[in-house]
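Written out below as structure tokens is the structure these notes cover.
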Amino acid sequence: MEMKNLNGNLFDIQRMSLHDGPGIRTTVFLKGCSMHCFWCHNPESLSPLPDVQFFPVRCIGCRLCEDACDWHCHRFEDNGIHIFNRECCIGCGKCTAVCPSGSLVKTGYSISPEQLADIVSRDKTFFGHSGGGVTVSGGEPLLQPDFVTLFFRLMKKMGIHTAVETALNIPSESLKAVLPETDLFLADLKHPDPRTHRTVTGVGNELILQNLSLLDSSRKPYAIRIPVIPGVNDTEEVMNAFQVLIDGLNHPLYLELMPYHEYGVGKYDSLSKDCHQLDGLHPPTKEKLIQLAKCFNSIQVRFRDGAKEIMITGGVLCEENQP
């Protein structure tokens, strides 16, 4: 692939991450997703276009946004309440640039592979000491396969380990494009049943399983991640079905259970998105996760409980403190 000015769309860069692959990592979050899981904790990642998040509690009533917006998306009532008309917003970010309190935050920006490589390379010392590297996540990062391929090519030239977190609901050609430049894949699986999968994510899992088979046959290192969502897949029946699926694979490194958390709930309000399906949804307990993990007898299962990493192999439980 010829090096060119092919920009990617990002919404965050998280340094010193311990949860997205081996060692200390820098995780790059790309915008755009091909699924709409109702429990998504990064709803700002769903659209490929820039968004404006609005946090009314932070507003100090300076009204600078009102003057900055060419589309008149902001107005203030007589009682000082700030009204944001999102329907006319084009995500230009003029209002966020003048907001002094962080009430308005632009989510999403464009960056070249070279610019991103320069940013991530500053953390190389931490990678070397810990066996870490860079992980691209999202959203669905493989909706931008050319950008990821070019960026990873630069990372490989610098000797930096590369990883992709993907739900695999992407064209198989996109997966093939990044294979040569990727050291580790983290494959997120939501549900083994195609009808239930479509109900809770908006798409079936046929393409996902096809790409999982392709990844398995490539012999590239990969791990499987399952988000544990109460009322969706938190039963032994579902986990037993996942075990059957895994039995048909040859090369997964391990399985990680990712317990649902509530960190993303406030983001839905900031984006004027409905999250009523999250009402009454609470993270699964450690005991529940251990119960589910014991459904798997042919693969090591991991999950995190605070500062500890829990590992279960063949029904034997081990707890280790995080480094």
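Determine the calculated [θ] at 222 nm for the chain from helices alone, applying -39500 (n - 2.57) to every DSSP H run no shorter than 4 residues and normalising by the residue count; nearest 500 deg cm²/dmol. Don't jump to the answer; show the numbers that get you there.
Numbers: 11 runs with 93 residues, N = 323.
Estimated from H runs of four or more residues: -8000 deg cm²/dmol.
With an 8 Å Cα cut-off and a minimum separation of 6 or more residues, compute the relative contact order for segment 28-134 in percent. Don't skip to the answer; put the middle values down first.
On the way: 119 pairs, mean separation 28.4, N = 107.
So the answer I get is 27 percent.
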Notebook entry, point to check: Leaving out same-chain residues fewer than 8 places away, which aspartates and glutamates sit with a Cα under 17 Å from that of LYS94?
Noted result: ASP51, GLU66, ASP67, ASP70
Check: Taking the alpha-carbon centroid of each part, what is the distance from segment 244-323 to segment 1-66 in angstrom?
Finding: 22
Margin query: Can you tell me the length gained on complete extension of the stretch LEU253 to HIS276, counting 0.36 nm per residue apart and subtracting the Cα distance?
Written below: 4.7 nm
Next item on the list: Name the residues whose placed amide hydrogens come within less than 5 Å of the amide hydrogen of TYR260, ignoring near sequence neighbours (fewer than 5 apart) on the same chain.
Entry: VAL228
Item checked: Of PHE152, PHE84, PHE76, the one that fluctuates the most in a GNM where the chain has Cα springs shorter than 10 Å -> PHE76
Notebook entry, point to check: When the chain is fully extended, how far beyond the present Cα-Cα distance does HIS72 get from PHE126, taking 0.36 nm per residue of separation?
Noted result: 14.9 nm
Next item on the list: Would you please state which residues of segment 53-91 a label at VAL265 would reach in this model, taking the label point 7 Å out along Cα→Cβ and a backbone N cut-off of under 20 Å?
Entry: 54-58
Next item on the list: Mind checking which of ILE312, LEU278, LEU253 is farthest towards the positive end of segment 226-323's charge dipole, using Cβ charges of +1 (Lys, Arg) and -1 (Asp, Glu) about the Cα centre?
Entry: LEU253
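I need the calculated FRET efficiency for the pair SER101 and HIS19, taking r as the beta carbon distance and R₀ as 35 Å, to the nearest 0.05. The partial results should precede the final answer.
Working: r = 30 Å, r/R0 = 0.87.
Result of the calculation: an efficiency of 0.70.
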Note to self: Explain nothing, just compute: Karplus ³J(HN,Hα) = 6.51 cos²θ - 1.76 cosθ + 1.60, θ = phi - 60°, for every residue of segment 90-99 in order, whole Hz, x for Gly and Pro.
What the structure shows: 9, x, 5, x, 4, 5, 5, 5, 9, 6
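Starting from the Cα gyration tensor of segment 1-55, take the square roots of the eigenvalues, sort them a ≥ b ≥ c, and report rounded, prolate or oblate (rounded when a/c is under 1.5, otherwise prolate if a/b is larger than b/c, else oblate).
Working: a/c = 1.72, a/b = 1.07, b/c = 1.60.
The shape class here is oblate.
Could you compute the net charge surrounding VAL265? Neighbours are other residues with a C-beta less than 15 Å from the C-beta of VAL265; K and R count +1, D and E count -1.
Numbers: positive: LYS267, LYS273; negative: GLU44, GLU262, ASP269, ASP274, ASP279.
Taking every other residue near VAL265 into account, the sum is -3.
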Check: Excluding same-chain residues fewer than 8 positions from LYS294, which aspartates and glutamates have a Cα within less than 13 Å of its Cα?
Finding: ASP234, GLU236, GLU237, GLU256
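Which FRET efficiency value, to the nearest 0.05, do you get for SER217 and THR313 by plugging their Cβ-Cβ distance into 1/(1 + (r/R0)^6) with R0 = 25 Å? Can you show the working numbers first?
On the way: r = 25 Å, r/R0 = 1.00.
E(calc), rounded to 0.05, equals 0.50.
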Check: Counting alpha carbon pairs within less than 8 Å and at least 6 residues apart, what relative contact order, in whole percent, applies to the chain?
Finding: 17
Item checked: Apportionment of accessible area to carbon and sulfur, the chain, percent (1.4 Å) -> 52
Next item on the list: Using a/c under 1.5 as the rounded threshold, could you call segment 97-181 rounded, prolate or oblate? The axes a ≥ b ≥ c are square roots of the C-alpha gyration tensor eigenvalues, and prolate needs a/b larger than b/c, oblate otherwise.
Entry: oblate
Check: Taking 0.36 nm per intervening residue step and subtracting the Cα-Cα distance, what contour gain separates THR285 from SER112 on full extension?
Finding: 58.1 nm
Next item on the list: Enumerate the calculated ³J(HN,Hα) couplings along segment 20-33 in order (Karplus 6.51 cos²θ - 1.76 cosθ + 1.60, θ = phi - 60°), each rounded to whole Hz, writing x wherever the residue is Gly or Pro.
Entry: 10, x, x, x, 7, 10, 9, 9, 9, 9, 9, 8, x, 9
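Quick check on packing: order 144-150, 281-287 by the mean number of other C-beta atoms within 10 Å, highest mean leading.
Details: 144-150: 21.4, 281-287: 13.6.
Ranking, from highest mean packing down: 144-150, 281-287.
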Notebook entry, point to check: Between segment 187-205 and segment 100-149, what is the C-alpha centre distance in whole Å?
Noted result: 27
Item checked: Subset of LYS106/LYS273; LYS106/LYS190; LYS156/LYS308; LYS156/LYS190; LYS156/LYS176 violating a 21 Å alpha-carbon distance limit -> LYS106/LYS190; LYS156/LYS308; LYS156/LYS190
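The values are calculated or read from the model by the stated rules, or taken from the named source; none is laboratory data. Nothing here was measured: the structure is a model prediction, and the numbers come from that model. Neighbour counts run over all protein chains shown; Cβ positions are idealised from the backbone, glycine included. These accessible areas exclude ligands, DNA and RNA; they are computed on the full protein's heavy atoms, side chains included. Shrake-Rupley method; radii C 1.70, N 1.55, O 1.52, S 1.80 Å.
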